[in-house]
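The values are calculated or read from the model by the stated rules, or taken from the named source; none is laboratory data. What you see is a predicted model, and the numbers here were worked out from it, not measured in a lab. Here the Cβ positions follow ideal geometry from the backbone for every residue, glycine too, while neighbour counts run over all protein chains shown.
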Amino acid sequence: MSRLLHVAAAQCGPISRETPRSQVVARRIEQMREARALGCRLIVFPECALGAFFPHWYVDDPVELDAWYEPDMPGHETQPLFDEAARLGIGFYLGYAELSVEAGRPHRYNAAVLVDDAGRMVGKYRKIHLPGHVEHRPQNPFQNLEQRYFEFGDRPFRAYRAFDGVVGMCICNDRRWPETYRLLGLAGAEMILCGYNTPDVIPEHPEIERLAEFQNKLAMQAGAYQSASWVVGVAKAGVEEGVSQIGGTSIIAPSGEIVATASTRDDELITYECDLEMAADYHRLYNFERNRRTEHYGPLVSQRGPTPPPLRND
């Protein structure tokens with residue numbers, strides 16, 4: 001029997017550095033309303049969807065920097081998203097910059113929340129695979145200071161029972177790592193949600209810039225197939241504060257096939273009626289618990305030597 005979940009992937013065009021948070025939230029609500037009018041029960045927004053992607057520039061004023069983070073979720077400016085979700089009866093995934101005070105100390109994470117169609121928080125994830133660098137690189141056309149502005153996520157990959165299925169979350173660079181999909185697949189995820197901000201310029205490795213969009217979809221398609229899950233990958237796209245970012249927002253079936261994809265680098269909504277039972281069928285086909293043979297994989301061998309520079313800049 002089918003278990004259909006009509007999903008909207010809400011690609012977002014550029015956001016100006018000066019745009020107030022309230023205006024961005026209003027823009028996200030408009031996409032939410034459009035998705036609900038099309039019959040969707042879940043809408044997926046990008047990574048750090050509430051403003052411009054500030055790790056792309058150097059900020060040395062702590063007050064200016066902290067203005068990019070959300071100390072509460074929901075907070076005063078984001079509560080309308082939750083209220084509208086409950087009013088419309090639609091759930092959402094939202095990426096944002098989180099400022100959390102724990103044991104009296106501030107911690108900053110690249111985070112995402114999953115909210116159900118009654119406006120209730122289902123789960124939170126903090127990005128584990130942070131790309132980029134810590135030091136300011138003024139010679140580059142833009143920065144990627146995620147490792148300066150965020151801590152590595154302190155929570156494991158988890159799958160949550162929601163929307164009559166099992167849903168997992170990851171963020172941006174996580175989608176390039178096989179461990180992300182392996183762990184979520186083993187947790188039983190039938191759908192994996194992922195928002196990203198990915199430049200199509202790679203200052204340290206211009207030779208692979210032509211592959212940016214290809215490798216983005218390649219990683220998600222392979223991950224969908226190998227984890228037996230639907231994957232919904234959603235971009236912040238277009239030229240934002242001088243940084244050109246890929247689009248390629250896609251909904252991908254457990255077969256690895258792309259069933260819907262964006263055609264622009266602006267605000268664009270794509271939708272698809274995903275059958276979660278298809279993921280369950282693939283899970284039964286692979287039967288990870290029975291057919292994985294970890295006892296034969298052998299130990300990991302550490303190869304010591306110089307660490308190469310990171311290939312990705314997203």
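Which of the residues spanning the stretch 235-264 are over 19 Å from Phe54 (Cα atoms) and not small (Gly, Ala, Ser)? Give the derivation first.
Restricting attention to the stretch 235-264, the residues satisfying the condition of being over 19 Å from Phe54 (Cα atoms) are 248-264.
Residues satisfying the conditions are Thr249, Ile251, Ile252, Pro254, Glu257, Ile258, Val259, Thr261, Thr264.
For the stretch 87-131, which positions are small (Gly, Ala, Ser) and either more than 14 Å from Asn173 (Cα to Cα) or touching a Ser or Thr at 6+ places or on another chain (Cβ under 7 Å) (or both)? If you could, list the steps in order and put the result at the bottom.
From the stretch 87-131, those small (Gly, Ala, Ser) are 89, 91, 95, 97, 100, 103-104, 111-112, 118-119, 123; that's our starting set.
Scanning the stretch 87-131 gives Gly89, Gly91, Ala97, Ser100, Ala103, Gly104, Ala118, Gly119, Gly123.
Of the residues making up the stretch 264-295, those that are in contact with a Leu (Cβ under 9 Å, 6 or more places away or on another chain) and more than 18 Å from Leu183 (Cα to Cα) are Leu269, Thr271, Glu273, Cys274, Asp275, Leu276, Glu277.
More than 18 Å from Ala112 (Cβ to Cβ), exposed (fewer than 15 other Cβ atoms within 10 Å of the Cβ) and not charged (D, E, K, R): does that describe His6? Explain how you work it out, then say what you get.
Values: more than 18 Å from Ala112 (Cβ to Cβ): yes; exposed (fewer than 15 other Cβ atoms within 10 Å of the Cβ): no; not charged (D, E, K, R): yes.
Here the answer is no, as His6 does not meet what is asked.
Of the residues making up the stretch 187-233, those that are under 29 Å from Gly123 (Cα atoms) and exposed (fewer than 15 other Cβ atoms within 10 Å of the Cβ) number 1. Go through the residues of the stretch 72-88 one by one and say whether even a single one is at pLDDT 95 or above, hydrophobic (A, V, I, L, M, F, W, C) and under 29 Å from Pro138 (Cβ atoms). Within the stretch 72-88, not a single residue is at pLDDT 95 or above, hydrophobic (A, V, I, L, M, F, W, C) and under 29 Å from Pro138 (Cβ atoms). Residues that are aliphatic (A, V, I, L, M) and within 20 Å of Phe92 (Cβ to Cβ) number at least 1 in the following strands (runs of 3 or more DSSP E) confined to the stretch 202-249: 230-236.
Restricting attention to the stretch 233-268, the residues that are hydrophobic (A, V, I, L, M, F, W, C), in contact (Cβ under 8 Å) with a residue 60 or more places away in the chain and closer than 30 Å to Pro141 by Cα add up to 6.
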